[in-house]
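To start, the structure under review is shown below, and the notes come after it.
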Amino acid sequence: MRSAGRLGLCGYLAGAKTDFNFLQVMLKRLSLMGSTLRPRSLEAKAAIATDLLREVWPLLDSGRIAPVIDSTYPLAQAAKAHARMESSKHIGKIMLTV
């Protein structure tokens, strides 16, 4: 993680409360931002989707950014993938292939 960057949090799996050591945030001079989509209106969610298509998808298509993939499972192993997710030991996305 580079210095003077942004750390954005959107959603969580294990509840909203946790022990968190802010030392790394402070040492890296990070800006911390949190958000959630649930209480937003459909119009607000549609605007976010439009912005993503315009601003983020070109970066994904060009390969400038990429999602972090933890693991990939065939659809027949969906239960195993779900167990991996429930373990909270993954970093990145858990994908099912069809």
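A few points about this structure:
- Lysines whose Cα lies under 18 Å from that of residue 17, excluding same-chain neighbours fewer than 8 positions away: 89
- Added length on full extension, which subtracts the Cα-Cα distance from 0.36 nm per residue, residue 9 to residue 65: 18.4 nm
- Placed amide H near residue 73: partners under 5 Å, 5+ positions off or other chain: 95, 96, 97
- With neighbours defined as other Cβ atoms within 10 Å of a residue's Cβ, the residues 84, 38 order from fewest to most as 38, 84.
- Among the listed values (1) 14, 37, 28, 19, 2; (2) 15, 48, 32, 5, 0; (3) 12, 27, 41, 19, 1, the one matching P(r) over Cα pairs in 10 Å bins from 0, in percent as calculated from this structure is (3).
- Sequence-distant lysines (8 or more away, or on other chains) whose Cα lies within less than 18 Å of residue 93: 80
- Ranking of 61, 19, 70 by neighbouring Cβ atoms within 10 Å, starting from the fewest: 19, 61, 70.
- Dipole of the chain, positive direction: furthest Cα of 14, 27, 79, with charges on the beta-carbon: 27
- Residue exposure sequence - 93, 17 - by fewest surrounding Cβ within 10 Å: 17, 93
- Computed [θ] at 222 nm, helices only, for the chain once each DSSP H run of length n ≥ 4 contributes -39500 (n - 2.57): -8500 deg cm²/dmol
Each reported figure results from applying straightforward, stated rules to the coordinates on display, with no laboratory input. Here the structure is a predicted model, which is why all the values come from computation and not from measurement. With ideal geometry, Cβ positions are generated from the backbone for all residues, glycine too; neighbour counts draw on all protein chains shown.
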